[in-house]
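Take a look at the structure below.
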Amino acid sequence: MFELMVESSFSAAHRLKTVNKKCERLHGHNWKVQLFLSGSKLKRTGVLLDFKEAKRRLKEVIAPLDHQYLNEIPFFKKISPTSENIAYYLYQKLQVLFAKNKKIKVAKVTVWESEKTAASYFPEK
Ligand SMILES: [Zn+2]
């Protein structure tokens, strides 16, 4: 199997109700997002997918979150906008974008909330 990774970022605000007192207050993060794509067949050119195209799609799903108050986005009205759920949200959106390409699987989405803390979503095998 081959795996490739592209990275992008966005800035947004959120409030978390159940984690701890500090997170309950409105605050923001510069989230770093990593998209991992996998597949076993390379194109004739020797790549799984052009990095540019992978990056373009990642940016496409991130754009609606950039400079937003995440709690106001419909998906996060019922589900807390934690890094875990942001990873899940982005995974779902990317899954739709890559659905037509049977050779590539969205393997994992990792969302970095700070330099040292990250959460990932990947489907169970
Ligand atoms: Zn936070």
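Throughout, read-outs are computed from the coordinates displayed, never taken from laboratory work. Owing to the predicted nature of the structure, the values given are computational and were not obtained by experimental measurement. Note that each Cβ is placed from the backbone with ideal geometry, even for glycine, and that neighbours are counted across all protein chains shown.
Brief remarks follow.
- Condition met for Leu65 (more than 27 Å from Phe2 (Cα to Cα) and within 12 Å of the chain's Cα centre (by Cα)): yes
- Filtered residues of segment 10-23 (kept if surrounded by 12 or more Cβ atoms within 10 Å (Cβ to Cβ), assigned to a loop (DSSP other than H, G, I, E, B) and of a type in the set (A, V, I, L, M, F, W, C)): Leu16
- Only residues that are without any contact (Cβ under 8 Å) to a residue 24 or more places away in the chain, surrounded by 16 or more Cβ atoms within 10 Å (Cβ to Cβ) and more than 10 Å from the chain's Cα centre (by Cα) were counted across segment 77-102, and they come to 0.
- Residue within segment 9-26 that is aromatic (Phe, Trp, Tyr) and in contact with a Leu (Cβ under 6 Å, 6 or more places away or on another chain) present: yes
- Residue in segment 24-33 that is assigned to a helix (DSSP H, G or I) and within 16 Å of the ligand (Cβ to nearest atom) present: yes
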